[in-house]
2 protein chains.
Amino acid sequence: MSALIERLRAICGPAHVLTHEDPATDLSAWEQDWRKRSRGRALAVVRPGSTAEVAEVVKACAAHGTAIVPQGGNTGLVVGSVPDDSGTQVVLSMTRMNAVRAIDPENLTLTVEAGCILQNLQDVAEKAGFLFPLSLAAEGSCTIGGNLGTNAGGTQVLRYGNARDLCLGLEVVTARGEVWNGLTGLRKDNTGYDLRHLMIGSEGTLGIITAATMKLYPLPAATLTAWAAVPSMQAAVQLLGLAHARLGPGLTGFEVMGQFALSLADKHYPQLRVPLFRDTPASAPGRPKPDAAPSGGSEPHEVGSVGAPFFVLLENSDSENEAHARQQFEALLEAAMEAGCVTDAVVAENIAQARALWHIRESIPLAQAEEGLNIKHDISIPVSRIPAFVAETDALLQREIPGVRLVNFGHLGDGNLHYNVQAPEGSDGPAFLRDWEEKVNTLVFDQVARFEGSISAEHGVGELKAHKLPTYKDPTALAMMRAIKHALDPQNLLNPRKVLA
Amino acid sequence: MSALIERLRAICGPAHVLTHEDPATDLSAWEQDWRKRSRGRALAVVRPGSTAEVAEVVKACAAHGTAIVPQGGNTGLVVGSVPDDSGTQVVLSMTRMNAVRAIDPENLTLTVEAGCILQNLQDVAEKAGFLFPLSLAAEGSCTIGGNLGTNAGGTQVLRYGNARDLCLGLEVVTARGEVWNGLTGLRKDNTGYDLRHLMIGSEGTLGIITAATMKLYPLPAATLTAWAAVPSMQAAVQLLGLAHARLGPGLTGFEVMGQFALSLADKHYPQLRVPLFRDTPASAPGRPKPDAAPSGGSEPHEVGSVGAPFFVLLENSDSENEAHARQQFEALLEAAMEAGCVTDAVVAENIAQARALWHIRESIPLAQAEEGLNIKHDISIPVSRIPAFVAETDALLQREIPGVRLVNFGHLGDGNLHYNVQAPEGSDGPAFLRDWEEKVNTLVFDQVARFEGSISAEHGVGELKAHKLPTYKDPTALAMMRAIKHALDPQNLLNPRKVLA
């Protein structure tokens, strides 16, 4: 193997090929997955600085029959970007390729290298007066290459789509070490098969994304956030329909949170002061009164009564101004109260309050971890069937595991639930996971299949769920996937055993 | 071959298998392409009534090694859906499979069979209170299966994307005659390679689309149309940027038309009364005065002076109401006049006027045909580079062909130009085509390549442009396309010689 290492050092420079030969080198940042579910052992971590170097690295590995694991920020949640424990796989870390190659304001495009941190894209776009809308919890450390490799979702999908929908062109190194220059900034190009969408979401198993041309959008003039208590999941779905009809493309966020999910945030982070959650007196009776709202106050303006099984966070991005956004939002909430699908609501008075509302939503996974171990799911269901799915699956789980607690939250606007199963109060977390994880996964995934949903909405397959696809994926689709993998990577060198076990 | 015909008749019923054996049967509707550039001869035209029948037809053809040409409304523009002249290919006409399978208002989805006429989808959606936004000239006869097979574009791409962007799920019969049930209505599904996007735009060469689940949108509360004279293509690009910034997602149409293109409409259809085109007196001085506009008048309200090298049609779809849309539109046009990128503008006062403006835009191809033969292109270029592309390419062509006339119009918001080359006035049309078509195509496509554009923006490849891909497509991309075709259709039975010559 040292011939390969020598060759890799010749290609990228010795400083950019890290191995276990040097006992002082700690490779755990590249070998350990984000959720610490798996620890691999790499033959080497290679950090190329250019597309040409990536191509040479792939050719060298192909000549030695050595597998390559492409890696961005290594923040994935399905064990998709770490090597196995054989010590024979090369981790190809893309983080040195982080240049912004071009910004084209008139074409509304940004061309960046795969190792660019997502937050950097957002910042570059904003400095130029535009919005790059992809946004998710790991944005400070994940890379756009990883976002595209996994087709990341996040909080703005409702309006702007998943990562794939924001991408116009790709530069990719193939399994043969050839460079496909598909870095187009075109919104229409019907000259053959859409290789871009095939590469996006293939988790590094069909090619290595080295650069991408992404869409920019006009910055909204104002973004407002509201928080509504709803009497049922069905009411949340009804509110979503009203919000679509009244806000149109202004609706950029629609998150649902179950009462128990919020109770964990309330318990472990009381300083967050979850609105409408405890028996705090409401500052206005029954329905929104926009004229009476104090502006710029330090608390969101509460406008109704308290206590609800579900809560919804709504975001309205307006291309005019804040007053217009507020008027639109308050008319929506008023109509929703009249229709009975909202019992209570607050609209954030300023950006700090809006951030605080989003922060509550984003604190749920952390609060869950504080509470103890749990079994996570990232599923999607047609929006219309979510109420029945939740009611049925809750009941099935409660019958199966007395005292089980369901942490239900997610991007309802996209039909995407993080439907997590927490051990009964006071129970032994590790024992719960050991005894129940497989059974609970099967029960939940079987339900997802019954409701025509997906067992991985936005996180991908990786190694974690690869063995589930033969059960839950259409067999004809799976056969086509295998045929395509074999056609584009006949040696099975690119991220083997991810996606297709 | 009669064994195959017998088998096909057994599968679909004798009435749905048409052949030349019966001399009274005229197959020209299936054998002749829309633009009458190519006339094939089919072994048979088969009209299956169900997905199961399609699968059986494919299996029977595969067993006989007989090629299949899938066909929808046969309105394609690149000879992609007609058989060759060998008399050995089966045309698989999907028009009998035209059921609306389901509409799900809460999930905002519509599931239809491939043979559904596009206009029927629009109507079904509107009756349910929603918008299905795909819209193009052939909508009265093209099918959604054909729209997806070719990834159709049209007039609403700016806001809603191409056909692929409107599709959530597919049902496909593979080259082996297996059925992939991918009819999901999910907005997020990261369980493996995106076969949906691979099938869409593959022009029936990788599988046969039998049904699709499409996205619905809220109906806009009001849609307004404006017509603006602009002093240059660069000014049109500047106006586009202003429109994006001010209307945000309300901007649903942005079409550009060159002076010569409009002069043909004006000459051959004087009854259309192209606004701002002749020296008609303007009804208001210099800039929009919304308050002074007579409402519901029979003429668009003209608001400026006359004569310009380019004109722009803008469409603004508003989720509030018409007054709001008008105010937004007029503020935009006022700002554009101040910035100098609009010299004159009218806003349609009512739906009839709006339709009349779109009708002028859509009459350009017909007016062109009245004027005589011409060489058509359907190209895309990054928006920012279009002014330079047009100036340079116009100059090159005029140097090469003295007196040549350039009919330039298209979806500028998408970077998509129908850049057509008309014979010099009074010249012999057929001689012009014979002498110049190949040379002009090469000159224009070479320019497109220099400007990083696409030689087929929305029409596809078909047979017409298949031989151009080796010159203009990235060779690595082309090699991957061939590998995928071979993997999914090893016998090359599905629409052979289309896309990949």
* To do: Count, please, the residues in the stretch A:380-410 that happen to be open to solvent by 10 Å² or more (accessible area, probe 1.4 Å) and either closer than 13 Å to A:Ala235 by Cα or in a helix (DSSP H, G or I) (or both).
  => 12
* Asked: more than 10 Å from chain A (Cβ to nearest Cβ) and among the small types (Gly, Ala, Ser), is that true of B:Ala449?
  -> yes
* If you go through the stretch A:301-310 one residue at a time, do you hit one that is assigned to a helix (DSSP H, G or I), open to solvent by less than 10 Å² (accessible area, probe 1.4 Å) and among the hydrophobic types (A, V, I, L, M, F, W, C)? -> no
* State whether the residues of the stretch A:35-52 include one that is modelled with pLDDT under 95, among the polar types (S, T, N, Q) and either surrounded by 15 or more Cβ atoms within 10 Å (Cβ to Cβ) or out of contact with any Lys or Arg (no Cβ under 9 Å at 6 or more places or on another chain) (or both). => yes
* Flag for A:Gly161 being under 27 Å from B:His459 (Cα atoms) and within 12 Å of chain B (Cβ to nearest Cβ) -> yes
* Taking the options A:Ser50, A:Ser93, A:Ser86, name whichever one is under 25 Å from the mean Cα position of the chain (by Cα) and of a type in the set (S, T, N, Q). => A:Ser93
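Looking only at residues in the stretch A:430-450 that are of a type in the set (A, V, I, L, M, F, W, C) and either more than 23 Å from the chain's Cα centre (by Cα) or open to solvent by 20 Å² or more (accessible area, probe 1.4 Å) (or both), which one is farthest from A:Gly403 (Cα to Cα)?
Taking the candidates together, the pick is A:Ala449.
Results for (1) within 30 Å of B:Lys485 (Cβ to Cβ); (2) within 10 Å of chain B (Cβ to nearest Cβ), shown as yes or no for each residue.
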{"residue": "A:Gly403", "(1), (2)": "no, no"}
{"residue": "A:Asp414", "(1), (2)": "no, yes"}
{"residue": "A:His418", "(1), (2)": "no, no"}
{"residue": "A:Glu438", "(1), (2)": "no, no"}
{"residue": "A:Thr442", "(1), (2)": "no, no"}
{"residue": "A:Ser456", "(1), (2)": "yes, yes"}
{"residue": "A:Lys468", "(1), (2)": "yes, yes"}
* Structure fact -> Here the residues within the stretch A:484-501 that are open to solvent by less than 80 Å² (accessible area, probe 1.4 Å) and more than 24 Å from A:Asn441 (Cβ to Cβ) are A:Ile484, A:Lys485, A:Ala487, A:Leu488, A:Asp489, A:Pro490, A:Asn492, A:Leu493, A:Leu494
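Mind checking which residues of the stretch A:218-232 are more than 24 Å from A:Tyr160 (Cβ to Cβ) and open to solvent by 10 Å² or more (accessible area, probe 1.4 Å)?
A:Pro231, A:Ser232
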* What are the residue pairs meeting all of these: first residue in the stretch B:101-122, first residue in contact (Cβ under 8 Å) with a residue 60 or more places away in the chain and more than 11 Å from chain A (Cβ to nearest Cβ), second residue of a type in the set (Phe, Trp, Tyr) and buried (at least 17 other Cβ atoms within 10 Å of the Cβ), Cβ atoms under 6 Å, and 6 or more apart or on different chains? -> B:Leu121/B:Phe132
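Of A:Gly201, A:Gly182, A:Gly177, A:Gly207, which residue is closer than 21 Å to B:Ser454 by Cα and at pLDDT 95 or above?
Being closer than 21 Å to B:Ser454 by Cα and at pLDDT 95 or above holds for just one of A:Gly201, A:Gly182, A:Gly177, A:Gly207, which is A:Gly182.
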* Structure fact -> B:Gln71 passes all but one of the listed conditions (1) open to solvent by 10 Å² or more (accessible area, probe 1.4 Å); (2) in contact (Cβ under 8 Å) with a residue 60 or more places away in the chain; the exception is number (1)
* To do: Read through the list (1) open to solvent by less than 50 Å² (accessible area, probe 1.4 Å); (2) without any contact (Cβ under 8 Å) to a residue 24 or more places away in the chain; (3) closer than 30 Å to B:Gly149 by Cα, then give the number of the only condition that B:Ile455 fails.
  => (2)
* Subset of the stretch B:169-217 (residues that are open to solvent by less than 10 Å² (accessible area, probe 1.4 Å), more than 9 Å from chain A (Cβ to nearest Cβ) and over 25 Å from B:Lys485 (Cβ atoms)) -> B:Thr213, B:Met214, B:Leu216
* Asked: Is it true that B:Gln89 is touching a Pro at 6+ places or on another chain (Cβ under 8 Å) and more than 14 Å from chain A (Cβ to nearest Cβ)?
  -> yes
* Could you look through the stretch A:143-157, keep only residues that are at the interface with chain B (Cβ under 8 Å from one of its Cβ atoms) and out of contact with any Lys or Arg (no Cβ under 6 Å at 6 or more places or on another chain), and pick out the one that is surrounded by the fewest Cβ atoms within 10 Å (Cβ to Cβ)? => A:Val157
* Hey, A:Gly248 assigned to a loop (DSSP other than H, G, I, E, B), at positive phi and open to solvent by less than 20 Å² (accessible area, probe 1.4 Å) or not -> no
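Could you identify the single residue in B:Ala331, B:Ala369 that is assigned to a helix (DSSP H, G or I), closer than 25 Å to B:Asn441 by Cβ and either of a type in the set (A, V, I, L, M, F, W, C) or touching a strand residue (DSSP E or B) at 6+ places or on another chain (Cβ under 6 Å) (or both)? Steps first, please.
On the way: B:Ala331 fails: closer than 25 Å to B:Asn441 by Cβ.
Result of the check over B:Ala331, B:Ala369: B:Ala369.
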* To do: Could you identify the single residue in B:Gly192, B:Gly201, B:Gly248, B:Gly241 that is touching a strand residue (DSSP E or B) at 6+ places or on another chain (Cβ under 6 Å) and not polar (S, T, N, Q)?
  => B:Gly248
* To do: Please give the number of the condition B:Met481 fails out of (1) over 17 Å from A:Leu186 (Cβ atoms); (2) in contact (Cβ under 8 Å) with a residue 24 or more places away in the chain; (3) part of a helix (DSSP H, G or I); (4) open to solvent by less than 10 Å² (accessible area, probe 1.4 Å).
  => (2)
* To do: State whether the residues of the stretch A:347-364 include one that is away from every other protein chain (no Cβ under 14 Å), open to solvent by less than 10 Å² (accessible area, probe 1.4 Å), in contact (Cβ under 8 Å) with a residue 60 or more places away in the chain and closer than 18 Å to A:Ala457 by Cβ.
  => yes
* Within the stretch A:415-428, can one find any residue that is part of a loop (DSSP other than H, G, I, E, B), modelled with pLDDT of 95 or more, in contact with a helix residue (DSSP H, G or I) (Cβ under 8 Å, 6 or more places away or on another chain) and open to solvent by less than 10 Å² (accessible area, probe 1.4 Å)? -> yes
* Out of (1) within 9 Å of another protein chain (Cβ to nearest Cβ); (2) touching a strand residue (DSSP E or B) at 6+ places or on another chain (Cβ under 6 Å); (3) over 30 Å from B:Pro382 (Cα atoms), the odd one out for B:Pro220 is which? -> (3)
* **Within the stretch A:79-137, tally of residues that are surrounded by 15 or more Cβ atoms within 10 Å (Cβ to Cβ) and of a type in the set (Asp, Glu)** => 4
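The values are calculated or read from the model by the stated rules, or taken from the named source; none is laboratory data. From a predicted model like this one, the values you see are computed outputs, not experimental measurements. Virtual Cβ from ideal backbone geometry, glycine too; neighbours counted across all protein chains shown. Heads up: the accessible areas ignore ligands, DNA and RNA and are worked out on the full protein's heavy atoms, side chains in. Shrake-Rupley method; radii C 1.70, N 1.55, O 1.52, S 1.80 Å.
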